[in-house]
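Notes for the one structure printed next.
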Amino acid sequence: TNGLIMHTAATGAQAMSRPMHSAWAAQGNGTGPLGYPTGATTCVADKSCTQTFQRGTMVSSPTTGVYVTTPEVLAAWTAQGGNSGWLGAPLTPT
């Protein structure tokens, strides 16, 4: 109902929320720029989520949507508290 499980021999079985899956599918699924998920969707109390992929990370917020971010931007954003930090949720891909 709330998500899917993706499996490949290289990345194993990973749970994906529906919003993450929809955004990933729009980019070409596993053959797109992100590759396959390498970790499960991880969400916090405010319902914002992150998920790692072979070549990047997706960040989602119920108020701003799902965006792809680079490892460098993700590290800086996470250090400031992520979605619940002073920067808040992403508004554009990075």
Worksheet item: What pairs come up if the first residue lies in region 50-65 and is under 12 Å from Tyr36 (Cα atoms) and basic (Lys, Arg), the second is open to solvent by 30 Å² or more (accessible area, probe 1.4 Å) and modelled with pLDDT of 85 or more, and their beta carbons are under 7 Å apart, counting only those six or more places apart or on different chains?
Response: Arg55/Pro33
Discussion item. Testing Arg55 on (1) in contact with a Leu (Cβ under 9 Å, 6 or more places away or on another chain); (2) modelled with pLDDT under 85; (3) basic (Lys, Arg), one condition comes back false. Which one is that?
Written reply: (2)
Worksheet entry | Hits in region 1-15 - residues which are open to solvent by less than 70 Å² (accessible area, probe 1.4 Å) and of a type in the set (Ser, Thr, Tyr) | Thr8, Thr11
Discussion item. Every residue in region 75-89 that is of a type outside the set (Phe, Trp, Tyr), open to solvent by 30 Å² or more (accessible area, probe 1.4 Å) and at negative phi, please.
Written reply: Ala75, Ala76, Thr78, Ala79, Gln80, Ser84, Leu87
Practice prompt. Just name the residue that is nearest to the chain's Cα centre (by Cα) out of those in region 45-59 that are farther than 17 Å from Pro71 by Cβ and open to solvent by 30 Å² or more (accessible area, probe 1.4 Å).
Written response: Lys47
Discussion item. I'd like the full set of residues that are within 22 Å of Ala89 (Cβ to Cβ), open to solvent by less than 50 Å² (accessible area, probe 1.4 Å) and of a type outside the set (S, T, N, Q), limited to region 16-44.
Written reply: Met16, Met20, His21, Ala23, Trp24, Ala25, Leu34, Pro37, Gly39, Ala40
Item to complete: Give the residues of region 26-49 that are in contact with a strand residue (DSSP E or B) (Cβ under 6 Å, 6 or more places away or on another chain) and either on the phi > 0 side of the Ramachandran plot or touching a residue at least 60 places away in the same chain (Cβ under 8 Å) (or both), sorted by residue number.
Response: Gly35
Discussion item. Within region 63-76, does at least one residue satisfy the condition of being at pLDDT 90 or above and out of contact with any Leu (no Cβ under 7 Å at 6 or more places or on another chain)?
Written reply: yes
Discussion item. One residue is enough: does region 10-19 have a residue meeting the conditions closer than 15 Å to Tyr67 by Cα, touching a residue at least 24 places away in the same chain (Cβ under 8 Å) and touching a Leu at 6+ places or on another chain (Cβ under 6 Å)?
Written reply: yes
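The values are calculated or read from the model by the stated rules, or taken from the named source; none is laboratory data. All of these numbers come straight from a predicted model, not from anything done at the bench. No Cβ is skipped: glycine too gets one built from the backbone with ideal geometry, and neighbour counts run over all protein chains shown. Heads up: the accessible areas ignore ligands, DNA and RNA and are worked out on the full protein's heavy atoms, side chains in. Shrake-Rupley method; radii C 1.70, N 1.55, O 1.52, S 1.80 Å.
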